[in-house]
Amino acid sequence: MVVRTITGRVTSALTGDPVVGASVSVVGTQTTAETSDKGEFSLSAPDGAITLLVRSVGYKRRTVAVGADQNRVDVKLEPDVFNLEAVVITGQATSVEKRFAPNAVATVGAGDLSRVPVPSVETAIQGKVPGAVIQQNSGAPGGGIQVKLRGVSTLNGLSSPLYVVDGVIMSDVAITNNQQVVTLSNSGSNPSPLQQNQVNRIADLNPYDIDNIEVLKGGSAAAIYGSKAANGVVVITTKRGQLGVPHYTVTQRFGFSELSHELGSRAFRDSADAVTVFADSARAGQICSGGCPFFDHERELGGRKDLSYESAVDVGGGSENTRYYFSGLTTKDAGIIQNTGYWKQSIRANIDQRLSSRLNLSLNTNFVHTLARRGLTNNDNAFVSYYMALGFTPSFIDLRPLNGVYRTNPAVGSNPLQTAALMNPNDEDVDRFVGSVKAAFDIVTRPEHHLQFVGLGGVDRFTQQDALLFPPELQFEQTSGQPGVSLLTNADNHNANWNTNLVYSYRPASGALVATTSAGLQYEDRELGVTPIVSRNLIAGQQNVNAGTSINVSQRRERAKDYGFYGQQEVLTLQGRLFLSAGFRADRSSNNGDPDHYFLYPKAAGSYRPPSGVGPFGDFKVRLAWGQSGNQPLYGMKFAELDATQNIGGLPGLVVPGAVGDAAIKPERQTEIEGGIDATLADGRATFEATLYQKSVSDLLLLRTLAPSTGFRSQFFNGGKLRDRGIELSVGVIPVQRPDVSWLLRSVFFSNSSRIVQLPVPAFALTSPSGGFGTNLGQFLIQEGQSTTQIWGNVPDASTLGFHAERIGDANPDFLWSFVNDLTVKRFNVHALAEWQHGGDLINLTKLIWDFGGTTIDCPTACNQRLAGFGKDTRAWLESATYFKLREVTLSYTLPTRFVEWTGARDARASVSGRNLIVVTGSTYTGMDPEVSNFGIQPVARNIEVAQYPRSRSFWFTLSVGF
């Protein structure tokens with residue numbers, strides 16, 4: 001065959017800039033080349049007329065006819081603003097272009113992740129994924145984010161999605177810091193240990209390392225991950241090196257956060273008014289002679305504006321055989337309360353090596369160190385945490401230090417300003433390593449047949465140490481029988497997984513179809529160990545846990561092993577108009593009652609694109625997908641955990657727990673069907689996506705009450721069924737697209753409802769590990785035929801008791817609607833993201849606490865009316881969870897090249913940005929932030945507010961320079 005060389009250059013049709021890393025292939029052959037950092041390419045092609053296919057991430061594909069006598073081709077690519085050409089995951093080792101995909105898969109690119117500095121990856125995708133409700137648990141720095149995809153999927157199982165980073169299944173476990181030893185948060189009506197503002201560990205990732213995030217929401221899309229995919233899967237791909245000389249990017253950010261909302265506190269007129277809440281009438285008369293002073297305790301506590309910063313550098317480049325990407329990050333997110341904040345240092349190295357024409361190897365390594373100081377917040381039955389103590393501290397009490405010594409709070413046994421200053425350390429220190437190796441070997445490479453082996457192995461290991469010191473000089477420790485507490489919790493987590501895959505593709509010469517067959521095996525090993533140490537009655541000036549006279553040590557260890565295999569068939573035919581897919585996944589796990597039994601999860605999906613589109617839509621797709629996935633039992637649900645810390649008559653012994661496991665426990669099974677349309681106007685200036693889904697979850701993980709004669713109170717078992725239905729809408733419009741002006745508008749809408757379809761036990765309240773504090777204060781009740789997220793409380797009546805319990809609200813919102821505006825005018829760009837949640841209710845127990853203290857801003861009249869109904873009317877503290885938030889806003893300017901070329905730089909951009917600058921809440925809401933969860937990440941029981949970390953807004957200046 002006669003061969004010739006074709007060269008050329010690929011550039012952006014909008015800006016004229018070179019397109020780096022574009023793929024240029026000769027249609028009908030295996031010949032492919034990649035553009036350099038200058039957009040140039042060179043490839044060998046057969047003699048005669050040929051057709052080139054040019055593709056690149058972020059651009060629309062283009063085919064170019066090349067004549068027999070033509071040796072150079074210059075190609076201009078149109079921007080793919082709506083990611084229609086993106087490639088989305090369909091299997092463990094397979095993918096397909098988004099325009100063919102039969103599932104609603106959301107994709108978020110690197111450009112949408114780095115607009116504004118964010119504490120965690122989940123925060124970066126807020127408002128950008130249809131069907132995803134992403135909310136903070138509190139305002140504390142360092143994360144603590146819940147991601148819920150398509151509503152409720154479980155009652156007692158894991159509720160977070162599965163996170164897969166470069167093929168490694170990452171742990172998102174949230175380990176508590178044991179502060180309940182001091183706050184007694186689990187000694188009241190709810191014994192949950194999850195009331196400590198804990199951080200989920202996916203926050204350790206560096207958002208700026210990410211190239212792409214795919215969110216698999218439906219049962220068909222997520223079925224490839226089997227029994228761990230019922231809550232959806234978030235697949236994260238980090239950045240890779242590009243062909244060409246090294247390209248460096250240096251980014252420096254400076255900013256600060258400030259208190260953006262205060263509850264407000266009652267102002268007292270005189271001593272007569274003061275003695276209504278302050279028993280010491282003599283002291284009240286002394287303080288309030290001539291009128292009561294007013295001290296803004298909230299501002300004194302949360303009024304800091306310390307400097308925050310982010311310093312980042314990355315470099316990428318390489319040759320045809322070797323590519324590399326390295327990055328480094330150091331960041332500080334200063335808290336608005338003394339001794340709170342979040343620090344992160346991250347180093348990443350990604351290397352791709354072509355060892356031969358058939359074998360490619362990829363190595364990914366990431367080391368992260370984080371330090372979180374989140375203070376003392378959330379539920380507290382000892383009334384020592386910040387907002388618990390403030391609720392009982394009248395505004396005329398001066399809490400500020402005098403001559404360097406904090407005053408005693410005469411109203412309650414804690415001075416929150418002293419606690420914030422002296423509770424040091426309150427550290428959560430994490431060291432983490434995530435690494436993976438991927439090998440791809442082409443076994444058969446023929447024009448019609450391609451067989452590839454793909455193997456991947458990875459580890460995710462971290463150690464976490466929580467150290468909290470409550471020194472003896474704290475006011476509330478001085479009144480303790482054992483003053484001074486040191487808490488030390490050591491935890492280590494080891495995750496390892498590997499998978500092997502065979503992928504066979506068949507492309508007949510006729511071009512009638514493309515068939516892809518894949519099969520593979522997977523193994524995962526997870527191990528978690530947690531050792532809390534409590535030391536009381538500390539020697540003055542000492543903080544080590546061995547410095548106390550009363551020391552208690554406990555330990556918990558968990559280990560699980562999972563095995564799975566899968567098979568999948570995909571067919572693309574009718575000239576790319578019809579795509580069909582079917583497959584299955586089989587899993588077994590040591591967490592199941594029978595660790596050797598495989599549970600099967602099938603799936604099937606299809607999409608069709610009419611040849612001529614529909615009406616004004618040049619590209620129109622109808623899709624339908626069905627699939628099953630699972631949610632494994634939690635560790636220990638299949639057996640009784642014996643307590644070996646007790647003794648009988650001084651002799652060591654084993655004590656059985658109150659709850660016993662089930663030897664036949666199995667995963668929850670989710671069956672989901674979704675259908676939808678994707679449409680794009682003929683000129684590509686607007687796109688519309690709509691999805692309807694229904695998922696049914698059977699074999700729910702439940703607790704049933706046992707007869708006292710069994711020796712146990714309750715038992716885990718499978719039973720019952722819940723259903724969740726919803727609609728997802730996404731609209732994108734480009735009103736203007738010119739070289740000097742481009743304007744993009746996007747909107748995402750989501751609404752859902754869930755219901756308990758079947759329940760084999762009587763209606764029950766979710767009280768532990770979450771769910772509320774009884775009908776006096778509001779609780780979540782699971783009841784057949786009713787909403788999964790209904791809230792029950794007491795309502796007055798004419799009965800002997802004077803009240804009865806009934807449904808008073810629902811935590812699930814009516815809808816979540818987000819809006820994105822992106823306007824570029826010459827060198828200026830304005831980007832804004834807003835989110836509107838309408839409806840839903842929350843239980844504002846912070847307000848109840850302040851009512852009891854007589855310090856609520858509407859006391860004495862309104863708060864006394866509420867308290868008169870306490871125990872009989874819970875509705876007084878049920879408030880609207882509606883909010884509108886301006887989550888992100890950025891104004892950026894690209895500097896002229898002449899301003900930076902003297903430094904050797906190729907480009908530079910400066911920007912100012914803000915996060916949560918505007919927050920508007922519902923008319924009945926009086927708390928800190930309706931985006932709240934006292935119990936952290938929960939499948940159902942969010943929207944319970946108890947003395948959380950206050951809401952803040954942040955401002956940033958950024959300078960980014962490329963070399």
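Could you give the size of the charge dipole of segment 420-526 about its Cα centre, using +1 on the Cβ of each K and R and -1 on the Cβ of each D and E, expressed in debye and rounded to the nearest 20? Provide the component values of the computation, followed by the final result.
Details: 6 positive and 13 negative charges, 178 e Å.
Its charge dipole is roughly 860 debye.
Averaging over every viewing direction, what projected area does the convex hull of the Cα atoms of segment 727-850 cover, in nm²? Present the calculation step by step, with values, prior to reporting the outcome.
On the way: hull surface 50.9 nm².
Answer in nm², one decimal: 12.7.
Which lysines have a Cα less than 25 Å from the Cα of K332, not counting those fewer than 8 places away in the same chain?
Within the straight-line limit of under 25 Å, K332 reaches these lysines: K239, K305, K344, K885.
Starting from the Cα of N647, step 7 Å along the direction of its Cβ; do the same at A267; then give the gap between the two resulting points in nm.
With each label point 7 Å from Cα toward Cβ, the separation is 6.1 nm.
Alpha carbon centre of segment 99-155 versus segment 64-91: separation in Å?
About 30 Å separates the Cα centre of segment 99-155 from the one of segment 64-91.
Applying a 10 Å radius around every beta-carbon, put 306-315, 597-606 in order of their mean neighbour count, most first.
Values: 306-315: 16.6, 597-606: 19.1.
Put in order of decreasing packing, that is 597-606, 306-315.
Select from A229, L745, G58 the residue farthest towards the positive end of the dipole of the chain; place +1 on Cβ of Lys and Arg, -1 on Cβ of Asp and Glu, and compute about the Cα centre.
Going by the Cα projections, it comes out as G58.
Of the DSSP beta bridges with both residues in segment 821-954, give the percent that are antiparallel, rounding to the nearest 5. Present the calculation step by step, with values, prior to reporting the outcome.
Numbers: 30 of 32 bridges.
Rounded to the nearest five, the antiparallel share is 95 percent.
I'd like to know how segment 252-402 sits against the 2.2 N^0.38 Å rule of thumb: what's its Cα Rg over that expected value?
Numbers: Rg = 26.6 Å, N = 151, 2.2 N^0.38 = 14.8 Å.
Expressed relative to 2.2 N^0.38 Å, the Cα Rg reads 1.80.
What dipole magnitude, in Debye to the nearest 20, does segment 824-963 give about its Cα centre under +1 on Lys/Arg Cβ and -1 on Asp/Glu Cβ?
On the way: 15 positive and 12 negative charges, 109 e Å.
The calculated dipole for segment 824-963 is roughly 520 debye.
Take the eigenvalues of the Cα gyration tensor for segment 1-150, scale each by 5, and report the square roots as semi-axes in whole Å, largest first.
On the way: eigenvalues 321, 58, 27 Å².
Each semi-axis is the square root of five times an eigenvalue, giving 40, 17, 12 Å.
Simple spin-label model, 7 Å along Cα-to-Cβ: D683 to A663 in nm?
If labels sit at D683 and A663, their model points lie 7.2 nm apart.
For the chain, take the convex hull of the Cα atoms, compute a quarter of its surface area, and give me that in nm², please. Please report the intermediate quantities before stating the final value.
Numbers: hull surface 174.8 nm².
So the Cα hull casts an average projection of 43.7 nm².
Rounded to the nearest angstrom and ordered from largest down, what semi-axes does the equivalent ellipsoid of segment 88-139 get from its C-alpha gyration tensor (root of 5λ)?
Working: eigenvalues 133, 32, 20 Å².
They are 26, 13, 10 Å, listed largest first.
Roughly how many Å² of I539 are accessible to a 1.4 Å probe, to the nearest 10?
For I539, the solvent-accessible surface is approximately 100 Å².
Provide, as a two-decimal number, the C-alpha radius of gyration of segment 3-80 over 2.2 N^0.38 Å, N being how many residues it has. Present the calculation step by step, with values, prior to reporting the outcome.
Values: Rg = 11.6 Å, N = 78, 2.2 N^0.38 = 11.5 Å.
The value comes to 1.00.
Would you be so kind as to identify which of Y608, L528, Y566 lies farthest towards the positive end of the dipole of segment 513-622, taking Lys and Arg as +1 and Asp and Glu as -1 on Cβ and the Cα centre as origin?
Result: Y608.
What percent antiparallel are the DSSP beta bridges of the chain, to the nearest 5?
Of the beta bridges lying entirely in the chain, close to 95 percent run antiparallel.
Give, in nm to one decimal, the length gained when the segment between T7 and A805 is fully stretched (0.36 nm per residue of separation minus the Cα-Cα distance). Please report the intermediate quantities before stating the final value.
On the way: separation 798, 0.36 × 798 = 287.28 nm, distance 7.73 nm.
Residue separation times 0.36 nm, minus the Cα-Cα distance, leaves 279.5 nm.
Carbon and sulfur: what percent of segment 3-80's accessible surface (1.4 Å probe)?
Values: 1730 of 3730 Å².
On segment 3-80, the fraction of accessible area on carbon and sulfur atoms equals 46 percent.
Work out the charge dipole of segment 3-80 with +1 on the Cβ of Lys and Arg and -1 on the Cβ of Asp and Glu about the Cα centre, then indicate which of V10, V75, A49 is farthest towards its positive end.
The residue sitting most towards the positive pole is A49.
How high is the FRET efficiency from V622 to V656, r the C-beta distance, R0 51 Å, rounded to 0.05?
Rounded to the nearest 0.05, the efficiency is 0.35.
At 222 nm, what helix-only mean residue ellipticity would the chain give, in deg cm²/dmol to the nearest 500, using -39500 (n - 2.57) for each DSSP H run of four or more?
Values: 12 runs with 67 residues, N = 963.
Value at 222 nm, helices only, nearest 500: -1500 deg cm²/dmol.
As an exercise, use a Förster radius of 41 Å and the Cβ-Cβ distance of S923 and R738 to find the FRET efficiency, rounded to the nearest 0.05. All intermediate terms of the calculation are to be shown ahead of the outcome.
Details: r = 43 Å, r/R0 = 1.06.
Efficiency, rounded to the nearest 0.05: 0.40.
Between T276 and F441, 0.36 nm times their residue separation minus their Cα-Cα distance comes to what? Could you put the intermediate results ahead of the total?
Details: separation 165, 0.36 × 165 = 59.40 nm, distance 7.93 nm.
Fully extending the segment from T276 to F441 adds 51.5 nm.
Under a plain spin-label model, where a point goes 7 Å from the Cα along Cα-to-Cβ, how far apart in nm are T365 and L451?
According to this spin-label approximation, the distance is 3.5 nm.
Apply the a/c threshold of 1.5 to the C-alpha gyration tensor of segment 583-710 and tell me whether it is rounded, prolate or oblate.
On the way: a/c = 4.34, a/b = 3.56, b/c = 1.22.
Prolate.
If you take every DSSP beta bridge fully contained in segment 646-725, what fraction is antiparallel? Give it as a percent rounded to 5. Don't jump to the answer; show the numbers that get you there.
Numbers: 24 of 26 bridges.
Of all bridge pairs located within segment 646-725, approximately 90 percent are antiparallel.
Determine the distance separating the Cα centre of segment 794-826 from the Cα centre of segment 1-55; give it in Å without decimals.
With segment 794-826 and segment 1-55 each reduced to a Cα centre, they are spaced 56 Å.
Give me the dipole magnitude in Debye, nearest 20, for the chain about the Cα centre, with unit charges on the beta carbon: positive for Lys and Arg, negative for Asp and Glu. Please list the in-between numbers first.
Numbers: 84 positive and 87 negative charges, 293 e Å.
Dipole magnitude for the chain comes out near 1400 debye.
Suppose R0 equals 51 Å. What FRET efficiency, 1/(1 + (r/R0)^6) with r the Cβ-Cβ distance, do K305 and N546 give to the nearest 0.05? Intermediate results must be reported in sequence, preceding the final value.
Values: r = 39 Å, r/R0 = 0.76.
Plugging the Cβ-Cβ distance into 1/(1 + (r/R0)^6) gives 0.85.
If each residue of separation counts as 0.36 nm, what is the full-extension length gain between R354 and E901 once their alpha-carbon separation is subtracted?
Numbers: separation 547, 0.36 × 547 = 196.92 nm, distance 3.45 nm.
Stretched fully, the R354-E901 segment lengthens by 193.5 nm.
The values are calculated or read from the model by the stated rules, or taken from the named source; none is laboratory data. Nothing here was measured: the structure is a model prediction, and the numbers come from that model. Backbone-built Cβ (ideal geometry, glycine too); neighbour counts: all protein chains shown. Surface accessibility is based on the protein's heavy atoms, side chains included, excluding ligands, DNA and RNA. Shrake-Rupley method; radii C 1.70, N 1.55, O 1.52, S 1.80 Å.
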